[in-house]
1. Return the residue satisfying two criteria in turn: it lies in region A:261-283 and is free of Cβ contacts under 8 Å to residues at least 60 places away in the same chain and away from every other protein chain (no Cβ under 14 Å), and of such residues it is surrounded by the most Cβ atoms within 10 Å (Cβ to Cβ).
2. Of the numbered conditions (1) modelled with pLDDT under 90; (2) within 11 Å of chain B (Cβ to nearest Cβ); (3) assigned to a helix (DSSP H, G or I); (4) farther than 30 Å from A:Leu258 by Cα, A:Leu76 satisfies every one except a single condition; which is it?
3. Looking at B:Phe287, B:Phe300, which is the one that is within 7 Å of another protein chain (Cβ to nearest Cβ) and either farther than 18 Å from A:Val125 by Cβ or at pLDDT 85 or above (or both)?
4. What is the number of the single condition among (1) under 21 Å from A:Ala316 (Cβ atoms); (2) within 14 Å of another protein chain (Cβ to nearest Cβ); (3) in contact with a helix residue (DSSP H, G or I) (Cβ under 6 Å, 6 or more places away or on another chain) that B:Gly160 does not meet?
5. Would it be correct to say that B:Glu275 is modelled with pLDDT of 85 or more and more than 10 Å from chain A (Cβ to nearest Cβ)?
6. Quick one: in region A:284-298, which of the residues that are in contact with a Leu (Cβ under 9 Å, 6 or more places away or on another chain) and either farther than 15 Å from A:Leu214 by Cα or within 9 Å of another protein chain (Cβ to nearest Cβ) (or both) is surrounded by the fewest Cβ atoms within 10 Å (Cβ to Cβ)?
7. Go through region A:101-116 residue by residue and tally those that are surrounded by 19 or more Cβ atoms within 10 Å (Cβ to Cβ) and more than 10 Å from chain B (Cβ to nearest Cβ).
Amino acid sequence: MVVVFLLIRAIPGEPCSAILGEQATVEACERFNEANGLNDPIWVQLAIYIGNVLTFNLGESIQFSVPVSQLLIERLPLTIELAMSALIIAVVVGVPLGIIAARRHNTAIDAGTMAFANIGVSMPVFWLGLMLAYLFAVVLKDTPFALPPGGRLSAGVISVPYYVVWNWNLTEGSTWAGINEFVGNFVIFNSFITGQWSVWWDAVQHMILPAITLATIPMAIIARITRSSLLEAMNKDYIRTARSKGATETRVVSKHGLRNSLLPVVTIIGLQLGLLLGGAVLTETVFRLAGVGTALFDAITGRDYAVVQGFTVIIAAGYVVVNLLVDLSYGYLDPRIRVSK
Amino acid sequence: MTNKKTVEALESSASADNLLSERPTSQWALTLRRFRGRKSGMIGLVIVLLLIGMALLAPLIAPYPPNEVLIGKEDVGPREKPCIHLLGCPEDQPQHIMGTDGNVRDEFSRIVYGARVSLTLGFFTVTIALIVGSTLGALAGFTGGWIDNVIMRIMDVVLGFPSLLLAIAIVAVLGPGLQNALIAIAIVSIPAYARVMRAQVLSIKESDYVAASTALGASSRQLLLGRVVPNALTPLVVLATLGVATAILEAAGLSFLGLGAQPPLAEWGSMLATERNNVFTSPHLVFFPGIAIMITVLGFNLMGDGLRDALDPSLNR
């Protein structure tokens, strides 16, 4: 947290000229700095910042003129939905691909799958996004496969938050209202639980292309790791034992091989989070989505200290949570880890 | 009796020596043979060599200079579709096998020259990252103690950020441009080299030949530069090859966001970014630069994988 604070302050260039424009007068800049506390000594700024974070006050965005927490409420749900959809696609497609390649080791299927995986990791995310958008929005325009090339919902489609649908009485500006607004911004989830099916379908359609785009690289990596990990597991003695006691091949693979080969796969899935966030910047740019990635990009290039700090703290927290989940899953996948504390 | 045994042992080892001298196979020859046996690695090598050839011979291959605007020189407009005479394009039209871009420049020539930018960038970033990273890693592993701690904690901090976001932040500090993008990508890739080098040094430090050199009175410097580092380089070669691929991909990403190469330089990422809003009307201007990036990255990835398999026989299946 402190590192982020100092690193961001190290970026040269005045936030004043980035916000007010290059021609801002000295007096205007002075007033701007005073109002935003940028004239205080750096350690005072740091102390105020730490105190604020501990009370969940992430400061105010200089660029968007809204509190950072409000920006997070608006932007974070989209990115979480995008990253989750991408991760689900990557796992649901990547793991079976890896298994198939390993089971048909040294055949054309294996070679084809691995060629696909190699091409997958070599593709620029933004290029794939643009090409998919062209394919599904222009080439397949009048077919049932047509998909929208960008945005979150079609023009005119509005997702009504569940707390409005269900007539909840929320006090404006309270934490509880903020939490509900945050949850309500998960458009796919919100329209699902409130039964706004046309909105739900529209949101899902808008999410398909960005999710596939973002999923491609993790999918290829997961397929490769699954394949090599399963190949290694299938050479172990316990597989021979399982076979010799007469277990069916399906059972040998699923119960003995796969279970033992999943550990590296789960680790890799956890590590993909950083890649997904980097990819989210490019994917959100290509598909014109207002998510965390684009907000963070604008904030970094616009010297919007509060936003960069706030978002980085959230991202770091996300990292910690995901890695915790990964560690916990080790115990489930490998009982030896659970036993040895 | 014992003497006889010793002599026999010596003789058998001598005959083993003879066997070896009949078929002298150095470590490198072995590696090369194993690499040749890997089809995908060879494909990667061929792709990389072709790309290097294309970059070196760009003026001979490209029909036009990369930044030549063809207005008034030929009867072509901006963003013309590809025209290839062999594929039935009328002979009276000038041939542009990848069409023309928004500024009426020959797209194919720009793609060919783009190989120079991407390859140079890939090699330079990796060289910087390799030198800085392996020096830091060797220092950390060899000295240990607080130096090790400080260096590796800094590396952990750098690794803690998503690499593209960190690169964006560094370019924001230094200002957009190809050179700064190069530095940013080099910085974010340093930790990988440092960690691998440190791990290598830690294990080699304990080996018998290092102990032997220490016993013979070698200085720390002699040990580090003469014994440890040369033996630790193998995995770094693999990492560097794969690193070129990552560097090219990340540089293209930065250029796409407008932070890397600036127009009119013929760089694939920025060519793609310039025309991205026209993807629905002139998809070829997005398609070709992307394919060029993909093939280049694929080439280095395949070559790196092949090298890794060749250098580490335990992975051979």
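The values are calculated or read from the model by the stated rules, or taken from the named source; none is laboratory data. Note that the coordinates shown come from a computational prediction; the quantities given were computed from them, not determined experimentally. Positions of Cβ are backbone-derived with ideal geometry, glycine not excepted, and every protein chain shown enters the neighbour counts.
1. Start the filter on region A:261-283 by keeping residues that are free of Cβ contacts under 8 Å to residues at least 60 places away in the same chain, which leaves A:261, A:264, A:267-268, A:270-271, A:274-275, A:278, A:281.
Restricting the remaining residues to those that are away from every other protein chain (no Cβ under 14 Å) gives A:261, A:264, A:267-268.
Values: A:Ser261: 25, A:Pro264: 15, A:Thr267: 16, A:Ile268: 18.
The selected residue is A:Ser261.
2. Status for A:Leu76: all satisfied but (2).
3. After applying the criteria, what remains is B:Phe287.
4. (3)
5. The answer is no for B:Glu275.
6. The extreme case among them is A:Ala290.
7. Residues of region A:101-116 that are surrounded by 19 or more Cβ atoms within 10 Å (Cβ to Cβ), as a first pass: A:101-102, A:113-114.
Filter once more, so that each one left must be more than 10 Å from chain B (Cβ to nearest Cβ): A:101-102, A:113.
Residues flagged as surrounded by 19 or more Cβ atoms within 10 Å (Cβ to Cβ) and more than 10 Å from chain B (Cβ to nearest Cβ) within region A:101-116 amount to 3.
Matching residues to (1) more than 23 Å from the chain's Cα centre (by Cα); (2) farther than 25 Å from A:Val281 by Cβ:
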site: B:Ser203; (1), (2): yes, yes
site: B:Ala212; (1), (2): yes, yes
site: B:Pro230; (1), (2): no, yes
site: B:Ala245; (1), (2): no, no
site: B:Leu257; (1), (2): no, no
